[in-house]
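Asks: Here it is: the structure, laid out below.
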Amino acid sequence: MSSFSGSLQSMTTGLDTKNYAQYSLSLNEDKVDFNSLIGQTLEIRFLGKISCVSCQKKIKKTYNSGYCYPCFFSLARNDMCIVKPELCHFHRGTCREPEWGEKNCFIDHIIYLSNTSGLKVGITRSYRKIQRWIDQGASQGLAILKVKKRLDAGKVEVVLKEHMNDKTNWRKMLKGKPERQDLESKKKEVLKNLEGLKLDFEVLDEKPYDIYFPHTTVLDKVSSLSLDKTPEIKSKLIGIKAQYLIFSDGVFNVRKFSGYHVKIAV
Ligand SMILES: [Zn+2]
């Protein structure tokens with residue numbers, strides 16, 4: 001039996017050569033490969049301490065998955081314009097962290113189609129697209145447009161959201177694989193909605209990705225496990241999808257418990 005302890009943070013993700021999502025979790029000095037733990041019984045014990053993922057201050061509860069209230073309120077990454085980029089207010093000189101904004105918002109972004117619980121549209125920084133798709137549990141993804149800044153991505157998304165979903169039904173996403181979508185033909189339909197509009201974008205000519213998750217069991221019902229309610233989770237790991245560890249007793253959203261200090265025993 002081995003054990004690891006530290007403060008939880010989102011799992012690091014990547015794709016192997018066969019497009020299988022790979023997951024690892026860093027706890028202190030240890031980097032634990034979670035794909036290899038599927039089929040084993042894990043014990044996740046909350047050690048009663050929570051610290052802010054940004055300033056490390058000890059806190060009682062987290063805001064926006066892992067932040068203390070002052071960091072939730074002062075960091076640009078926690079501002080409303082991150083969720084709704086069309087509300088970017090950098091030009092008014094009111095960005096919470098202009099330097100962070102320049103590095104993260106004034107860079108190439110893509111608008112993509114993905115298939116999570118169904119077809120959806122979304123945006124992300126270009127270099128993060130695969131990570132983004134894995135993090136949302138997308139079985140398929142296709143980058144369709146490129147823009148030069150986050151605000152432009154937001155403006156395009158506002159138009160596209162009138163015609164298609166931009167949310168994931170996480171319970172449905174976790175239940176199993178969604179019905180396959182022809183993303184290339186959906187792209188053609190999507191582009192029609194942008195004809196004649198004055199928006200800054202470049203149409204991409206990329207191939208769609210298929211992404212496979214280490215999650216073969218179809219779940220009948222999805223119940224969530226919480227360290228607030230159950231400080232000791234002990235269950236068999238049967239799969240991983242998005243940022244969820246799928247146990248035989250329920251699903252555990254790793255990202256949601258960012259900042260919680262835990263001991264994980266295998
Ligand atoms: Zn903080």
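The values are calculated or read from the model by the stated rules, or taken from the named source; none is laboratory data. On a predicted model such as this, the values are computed, not experimentally measured, just so you know. Counting neighbours? That spans all protein chains shown, and the Cβs are built from the backbone with ideal geometry, glycine included. Calculation scope for accessible area: heavy atoms of the full protein, side chains included, ligands and nucleic acids excluded. Shrake-Rupley method; radii C 1.70, N 1.55, O 1.52, S 1.80 Å.
Asks: Please report, in cubic angstrom per residue, the volume enclosed by the convex hull of the alpha-carbon atoms of the chain.
Replies: Cα convex hull per residue, to the nearest whole number: 134 Å³.
Asks: Using the crude model of +1 on Lys and Arg Cβ and -1 on Asp and Glu Cβ, and no other charge, please compute the dipole size for the range 57-155 relative to its Cα centre, in debye to 20.
Replies: 240 debye
Asks: Taking a probe of 1.4 Å, how large is the accessible area per residue of the chain, in Å²?
Replies: Details: 13990 Å² over 266 residues.
Value returned for the chain: 53 Å² of accessible area per residue.
Asks: What's the carbon and sulfur percent of the chain's accessible surface, probe 1.4 angstrom, rounded to a whole number? Each step should come with its number before you reach the end.
Replies: Working: 6710 of 13990 Å².
Ligands and nucleic acids excluded, carbon and sulfur reach 48 percent.
Asks: Follow-up. Give or take rounding to whole Å, what are the principal axis extents of the alpha carbon atoms in the range 14-136, in descending order?
Replies: For the range 14-136, the Cα spread along each principal axis is 53, 39, 26 Å.
Asks: Set the Förster distance to 41 Å, then compute FRET efficiency between SER248 and CYS55 from the Cβ-Cβ distance, nearest 0.05.
Replies: 0.65
Asks: Treating the angle as unsigned and between 0 and 90°, give the value, to the nearest 10°, between the Cα long axis of helix 183-192 and the longest Cα principal axis of the chain.
Replies: 40 degrees
Asks: Distance cut-off 30 Å, Cα to Cα: go down the list LYS58/LYS177; LYS49/LYS148; LYS187/LYS241; LYS120/LYS149; LYS57/LYS103; LYS57/LYS148 and report the pairs above it.
Replies: From LYS58/LYS177; LYS49/LYS148; LYS187/LYS241; LYS120/LYS149; LYS57/LYS103; LYS57/LYS148, over 30 Å: LYS58/LYS177; LYS49/LYS148; LYS57/LYS148.
Asks: Still on this structure: Relative contact order, percent, of the chain when contacts are C-alpha pairs under 8 Å separated by at least 6 residues?
Replies: Numbers: 550 pairs, mean separation 81.3, N = 266.
Reported relative contact order: 31 percent.
Asks: Now for a different question. Pulled fully out, how much extra length does the chain show between ARG171 and TYR212, if you take 0.36 nm times their separation in residues and subtract their Cα-Cα distance?
Replies: 13.0 nm
Asks: Here's a follow-up. If a paramagnetic tag sat 7 Å from the Cα of SER3 along the Cα-Cβ line, which residues of the range 222-266 would have the backbone N under 19 Å from that point?
Replies: Residues 227-228, 230-237, 260-266 fall inside that zone.
Asks: Shifting gears a bit: What is the helix-to-structure angle for 150-161, meaning the angle in degrees between its Cα long axis and the longest Cα principal axis of the chain, kept from 0 to 90 and rounded to the nearest 10?
Replies: Around 80 degrees separate the two axes.
Asks: Moving on. State to the nearest 20 debye the size of the charge dipole of the chain about its Cα centre, where the only charges are +1 on K and R beta carbons and -1 on D and E beta carbons.
Replies: Dipole about the Cα centre, nearest 20: 660 debye.
Asks: Follow-up. Label ASP30 and VAL159 with points 7 Å out from Cα along Cα→Cβ: what is the distance between them in nm?
Replies: 5.1 nm
Asks: Where in the range 223-266 are there trypsin sites (Lys or Arg not before Pro) that are in a DSSP coil and have at most 13 other Cβ atoms within 10 angstrom of their Cβ?
Replies: LYS229
Asks: Could I ask something else about it? Over the range 73-210, what is the mean sequence separation of C-alpha contacts under 8 Å (at least six apart), divided by residue count, expressed as relative contact order in percent?
Replies: 28 percent
Asks: Largest first and in whole Å, give the semi-axes of the range 73-210's equivalent ellipsoid, each being the square root of 5 times a Cα gyration tensor eigenvalue.
Replies: 25, 18, 13
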